[in-house]
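Encoded as structure tokens, the structure appears first; notes follow it.
The values are calculated or read from the model by the stated rules, or taken from the named source; none is laboratory data. These numbers come from a predicted model, not from an experiment. So basically every Cβ, Gly included, is an ideal-geometry build from the backbone, and we count neighbours across all protein chains shown. Side chains are part of the model used for accessible areas, which takes the heavy atoms of the whole protein and leaves out ligands, DNA and RNA. Shrake-Rupley method; radii C 1.70, N 1.55, O 1.52, S 1.80 Å.
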Amino acid sequence: MPSLTKRASILPLALGLGWAVVWATLLGPSRALGAENFIFYFPSRHEALPLRQIDQSGYLPLEKTLRLFGRPVNKRERQGRVSWRFNRRQLEVRAGQKRVRVGRKRVDLPFPVRHLDGEWWVPISFLTEVLGEIIPDAMEYHAGTRRIFIGEVEPNSFELRFDSLPGGARLTLQFLQQTSISAAEEEGNWILYLGGHPLQPPQPRFEFSNPIIKSLAFDDQDGRPKLILTPGPDQMTLRPLLAEGGMVLILDVARSDPARTAEGRTPRAPESIAPAPAASGGPVVGADSLPAVVLDPGHGGIDSGARGQNGLSEKDWTWRFTYQVRLALIATGKFRVVMTRNGDQLRSLDQRAITANTNRGAVFVSFHLGHTGAGQRTVAPYIYQPPFGTTTARSAGALSFVPWEEVQNSHLPESLRLAQYLRDELAAIEDIAIREPVSAPVRLLRSVDSPAAFIEVGDLSSLEDSGDLEDPEFILQLAQAVVRAIERFSY
Amino acid sequence: MSLGMKILGLGLMAVALASVLYLRALVRQLSEVPYLPTAEARVQLKESILGSAPGEPQTISLFFPVPGEGMLRREERTLTLVSAAPDRVRQILMALREGSREGMEGAIPAETQIRAVYLAPDGIVYVDFDQTLERAVSPGIRSETLTIYAIVNTLAVNLPSIQQVRILLEGREAETLAGHADLSRAYTPDPSWVEPTLPNPDR
Ligand SMILES: [Zn+2]
């Protein structure tokens, strides 16, 4: 454990301003003496029972535990033993003994049953070793944790990354499932409530040897899954950002304006956890100042898009291809990348525009695969063609509202520049026919509040026949050309 | 039966007959054109001409997508246009649906039914297609846009009173034609989608 802690502190220093990636230290579950709870997550409810630490194990009150799962009847208590009829089985435990009788079977627990203050207590492993035999539902329990998942409950989890940034630090949490988050500030800590869905953290607590962030702990003792972020001793500002449709949580912590440090050590409450970062106020931290690129893999879910004769669907290809573009963009270290959908997910055209617009200043590129009838490799870049007679100039007044249907209009000159760069870079690929950028009534782009281009790769039939759509080299060439164009556009 | 009753009876019969005739006219206007396979689209077009008051034969322009290009090409036809304006719209759309005679791509899939045509006084024509249009057009921004502008340009070029075209699917305003091109707007003809008449050596 100490060596890991050292790595966490030395690496960022050694790499200076670089993107030091450090995995946080693993600490055992806390052994606090105070009152603790054990949480039972059922498919549509959760329950908490008091947990008692006795010697080496956590203990649960037996009768209350049974009542969560069914109705124990015919209780018989006499001289150091108790028994119930439960789920058509006879269950008997004895004080001070590890052996438990379940019907005709005998199960040995790792720790003895206790009878304290008029209540029967069993070690946590009673749940999986004994109760698992009696009730039909599957149980998921990780030793050392204080929660169990029963039946069809799929707990969320996350991976954590720590980045040291100039004047601050960033925690990036990549969730397994979509997450909704609300934030609060309590007693010098930031509390991030993770919605009602159960979560199994990779570990209960992450400690950092870092002046900016002290620790990140997971807690659901009151049945509300939450993260507790404890900042360093200075006055800090937190900017939380929920990205990629709730799959990624970015927590940027930075020292507040030094002049304000005198006010006290309370961290400033997060301004909002909304997908949109605050436009101003608080220092801009590290990677947040990187330009955002929003990538839109066309179609998804029940919307397959165009279909090939051999069963290929547009949505699958656009997902695979866009993912390549994403990887290549991230590899440059120059961009923050946001995708408009997570895997095979149905999202409306307006939802995609909203994702783009919550990442202000972003470049937006949508990828499609179509029957272009060309009989060869073609790429056609498009920009938005507004309806005839709509104004394309945005009035200068800061408070003028732009109708949702006309949001893209004022970006069209920049969108055209983006489309031209895409055309130039894609034209360098061998054996490819490329069209000049065209203005078309692309509904998707209508409400995107940033420079936006739409790419149609074709011809689906001939590319499917030639195997080009599966050819990693062709896909890589396309992706790299897109990345070069975005780099040229942004820098 | 009194004379009064007889007159009343005759009057009622006349009203009934008139309403039947009126309803028939209405039905002709509103009902779907019966389904006909591709090859019979032309026959249907001829019948619609024969069934209406004939005028002088005229040359009309139709626009079809050039294969593999993002452009439309003009093709001419000689057609005897009927006098009623909504029927004329229908007639021209049928000619477009019949397809190219010069090897161009189809603009409107041949199985598509034109459910209704409505000319608004402000120069907007509403054309209501059945869902075949959405299903049969191949999804993609190129093909959808070319289908839309083939319809819009063809109608506007041949019927000068038409300023804009609004395309409906199954009587309803759709967000897109088949996932890409906007259908929530009225379209103004756009000559930039049409190939220049002189062959361009670059293309
Ligand atoms: Zn598409």
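Roughly how crowded by other chains is peptide A:188-200, in terms of the mean Cβ count from those chains within 10 Å of each of its Cβ atoms?
0
Order of A:458-469, A:441-452, A:114-125 by packing, highest average Cβ count within 10 Å first?
Ranked by mean Cβ neighbours within 10 Å, highest first: A:441-452, A:458-469, A:114-125.
Of the listed pairs A:K64/A:K98; A:K226/A:K334; A:K75/A:K105; A:K226/A:K315, which have alpha-carbon separations greater than 26 Å here?
Long pairs (Cα-Cα over 26 Å): A:K226/A:K334; A:K226/A:K315.
Using only alpha carbons, build the gyration tensor for segment A:292-490 and give me the equivalent ellipsoid semi-axes, biggest first, whole Å.
27, 17, 17
What spacing in nm lies between the two simple spin-label points modelled at A:E159 and A:L116, each 7 Å away from Cα in the Cβ direction?
That separation, rounded to one decimal, is 4.1 nm.
Suppose every K and R has +1 on its Cβ and every D and E has -1 on its Cβ; what is the size of the dipole of segment A:52-145 about the Cα centre, in Debye to the nearest 20?
600 debye
Charges only on Cβ, +1 for Lys and Arg, -1 for Asp and Glu: so what's the dipole of segment B:35-193 about the Cα centre, in debye to the nearest 20?
My answer is approximately 220 debye.
Charges on Cβ only, +1 for Lys and Arg, -1 for Asp and Glu, centred on the Cα centroid of segment A:52-145; of A:P72, A:V113, A:Q53, which one is farthest towards the dipole's positive end?
Of the listed residues, the answer is A:P72.
What is segment A:52-145's relative contact order, in percent, from Cα pairs under 8 angstrom and six or more apart in sequence?
22 percent
Across segment A:97-111, in residue order, what do the Karplus-derived ³J(HN,Hα) couplings come to in whole Hz, using 6.51 cos²θ - 1.76 cosθ + 1.60 with θ = phi - 60° and x for Gly and Pro?
Whole-Hz 3J(HN,Hα) from phi for segment A:97-111: 10, 7, 7, 10, 9, 10, x, 8, 8, 10, 10, 9, 7, x, 10.
Kindly rank B:71-78, A:73-80 from highest to lowest mean number of other beta carbons found within 10 Å of each residue.
Output ranking for B:71-78, A:73-80: B:71-78, A:73-80.
Using protein heavy atoms only (no ligands, DNA or RNA), what is the total accessible area buried between B and A, 1.4 Å probe, nearest 100 Å²?
Looking at B and A, the buried total is near 1900 Å².
Using only the alpha-carbon atoms of segment A:52-145 as identical scatterers, what base-10 log of I(q)/I(0) does the Debye formula give at q = 0.16, 0.17 Å⁻¹?
-0.60, -0.69
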